[in-house]
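First up is the structure itself, then whatever we jot down about it.
The values are calculated or read from the model by the stated rules, or taken from the named source; none is laboratory data. Quick caveat, the model's predicted, so the values are computed rather than measured. Heads up, the Cβs are rebuilt from the backbone with ideal geometry, glycines too, and the neighbour counts pull from every protein chain shown. Side chains are part of the model used for accessible areas, which takes the heavy atoms of the whole protein and leaves out ligands, DNA and RNA. Shrake-Rupley method; radii C 1.70, N 1.55, O 1.52, S 1.80 Å.
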Amino acid sequence: MSIENVRQYFKQFGLAERVVEHDHIGDTVAHAAQVLNCEERQIVKAMTFMVDDQPFLIAMAGDAKVDNHKFKATFHSRAKMIPFDQVESLIGHIPGAVIPFAVNPSVKIYLDASLKRFKTVYTAGGSLNSTIKLSLGELEKYTKLTDWVDVGKGWFINE
């Protein structure tokens, strides 16, 4: 998917103008947060996995990491990330620009509990230099959400 496809996706909701292109967003959560003038933990990172030959993604807060024990308890399989060179064909977005919307139809989308701390979050926008600012409610509403999960570690609800 390109930034144009993501804009088209958000156009149906009247939100195409929220997809913002930047000169350079950076290659890490820290760089993106600096450009967006927000906290690193507000950056949504989308992690891509395969379980039983089914691709899916988990969107989680920028300060969260996948807890392998929680992952296995939730998905009854160990965490196996999709190889870099297969992400675009299986998910529909290039690595570094994976977002929880406008993905291939077979992709299941999960939102991690680490995101529930925020009123506002920032995701990639379909390219390596674009972003979308959304409320948590909008993030949930505009993804074709399979479910909420709690597979993250390294974050605390009281922050």
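Annotations
- Residue count, the range 121-139 (criterion: at pLDDT 95 or above, of a type outside the set (G, A, S), open to solvent by 20 Å² or more (accessible area, probe 1.4 Å) and not in a strand (DSSP E or B)): 2
- For the range 74-99, filtered to residues that are open to solvent by less than 10 Å² (accessible area, probe 1.4 Å) and more than 20 Å from D52 (Cα to Cα), the residue that is nearest to the chain's Cα centre (by Cα) is I99.
- Subset of the range 110-120 (residues that are open to solvent by less than 10 Å² (accessible area, probe 1.4 Å) and in a helix (DSSP H, G or I)): S114, L115
Here is a yes/no grid of residues against (1) open to solvent by less than 80 Å² (accessible area, probe 1.4 Å); (2) at pLDDT 90 or above; (3) touching a Phe, Trp or Tyr at 6+ places or on another chain (Cβ under 6 Å):
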{"site": "R7", "(1), (2), (3)": "yes, yes, no"}
{"site": "F10", "(1), (2), (3)": "yes, yes, no"}
{"site": "V20", "(1), (2), (3)": "yes, yes, no"}
{"site": "T28", "(1), (2), (3)": "yes, no, no"}
{"site": "L57", "(1), (2), (3)": "yes, yes, no"}
{"site": "D63", "(1), (2), (3)": "yes, yes, yes"}
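- Of all the numbered requirements in (1) aliphatic (A, V, I, L, M); (2) in a helix (DSSP H, G or I); (3) open to solvent by 10 Å² or more (accessible area, probe 1.4 Å), M47 misses one, and that requirement is (2).
- Here the range 65-109 is the region considered, the condition is being in contact with a Lys or Arg (Cβ under 6 Å, 6 or more places away or on another chain) and either assigned to a loop (DSSP other than H, G, I, E, B) or free of Cβ contacts under 8 Å to residues at least 40 places away in the same chain (or both), and the residue that is nearest to A16 (Cα to Cα) is D67.
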